[in-house]
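Here is the structure we will look at, set down as structure tokens.
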Amino acid sequence: MPKAAPLPKVAVTPAAAGCRRWPRFSAPLLITSAAILALVGIATLVRTTRLRTGGAVVVRESGGVDVGANPQDPERRRLCNLVEQMAQAAGVSVPEVFVLERTPGINALAAG
């Protein structure tokens with residue numbers, strides 16, 4: 001089998017290949033990207049500062065109802081007693097207790 005002749009070496013620069021350093025649409029693209037990045041950054045900052053106040057904010061946004069320190073409902077009173085006993089056993093302060101009435105999965109939460 002005869003050997004094929006080697007191909008000639010040709011130097012291809014980006015300009016010769018049709019590439020440009022900055023496309024024509026770069027200014028609108030950069031402005032749009034910067035605007036989106038700024039919007040996402042501001043939204044992240046606002047959400048982070050809201051969540052720093054504690055888990056109670058998340059629970060209230062999810063429809064949680066604060067049980068309070070002395071509820072009249074026997075089931076909620078039992079829940080508060082359980083949370084208080086667990087906090088005392090762990091040696092921590094008693095957290096806020098919430099009930100998520102509209103959530104089918106998790107239905108109670110102690111935040112704090």
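Since every read-out is calculated from the coordinates, none of them should be taken as a lab result. Remember, predicted model here, so these are calculated numbers, not experimental data. Glycine also receives a Cβ, built like all others from the backbone with ideal geometry; neighbour counts cover every protein chain displayed.
Relative protection proxy for 36-42, 75-81, 3-9, 95-101, from highest mean packing down: 95-101, 75-81, 36-42, 3-9 (other beta-carbon atoms within 10 angstrom).
With contacts taken as Cα pairs under 8 Å and at least 6 residues apart, the range 55-112 reaches a relative contact order of 40 percent.
Fewest neighbouring Cβ atoms within 10 Å first, the residues Asp73, Asp66 line up as Asp73, Asp66.
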